[in-house]
Amino acid sequence: MSKNENFEKMGGRKALITINKIFYDKVYLDPWLKLYFEQIPQQHIEDQQVDFMQKILGGENLFVGKAPPVAHMHVFVSEELFALRQELLKDAFIEAKAHPKLVEKWLMLDQSFKRIIVKKSPNDCQGRFKTDPVLNFPKPRGYVKL
């Protein structure tokens with residue numbers, strides 16, 4: 001079976017669209033995570049993530065965005081923030097009734113990007129451009145995951 005056939009068997013692009021819609025609805029409502037996305041239209045990030053995941057899961061390559069190291073170089077993502085993001089992603093898989101093989105592969109890929117995205121300190125971050133601030137938001141006081 002080809003990579004593309006396997007990708008389609010796991011639900012294909014339609015599954016990715018569903019999962020990412022559910023996931024980013026959660027992200028944009030979360031009192032902490034949403035702070036990192038205030039300047040990014042939700043539909044834009046959903047479309048980019050669908051294209052990126054389609055590419056790395058074996059579907060047609062439509063991705064034209066930045067690779068994860070470049071896209072996240074200015075973002076301080078702590079272990080705690082990464083774990084929260086992953087929790088919301090797992091919730092989205094359940095709500096979307098995602099194919100178990102898709103979930104397994106996605107989480108494996110997610111873990112492989114963790115070492116690139118998670119940083120020990122905001123000092124490990126740098127702006128992509130001279131005018132790019134480092135995004136580093138403390139957990140809001142009284143934070144409760146929605």
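Read the figures in this text as sums done on the coordinates, not as results from a lab. Everything quoted here is computed from the prediction, not taken from an experiment. As a convention, Cβ positions derive from the backbone with ideal geometry for all residues, glycine included, and neighbour counts pool all protein chains shown.
Scanning region 95-122 for residues that are surrounded by 12 or more Cβ atoms within 10 Å (Cβ to Cβ), free of Cβ contacts under 8 Å to residues at least 60 places away in the same chain, over 18 Å from N6 (Cβ atoms) and not aromatic (F, W, Y) turns up D110, K114, I116, I117, V118, K119, P122. Note on region 1-57: enclosed helices (runs of 4 or more DSSP H) holding 1 or more residues that are in contact with a helix residue (DSSP H, G or I) (Cβ under 6 Å, 6 or more places away or on another chain) are 12-29, 42-56. So which residues in region 84-124 are closer than 25 Å to N136 by Cα and part of a loop (DSSP other than H, G, I, E, B), if there are any at all? Within region 84-124, K119, K120, S121 qualify.
Specify the residue that is surrounded by the fewest Cβ atoms within 10 Å (Cβ to Cβ); the eligible residues are those in region 31-80 that are closer than 16 Å to K114 by Cβ and β-branched (V, I, T). Filtering region 31-80 for residues that are closer than 16 Å to K114 by Cβ and β-branched (V, I, T), the one surrounded by the fewest Cβ atoms within 10 Å (Cβ to Cβ) comes out as I56.
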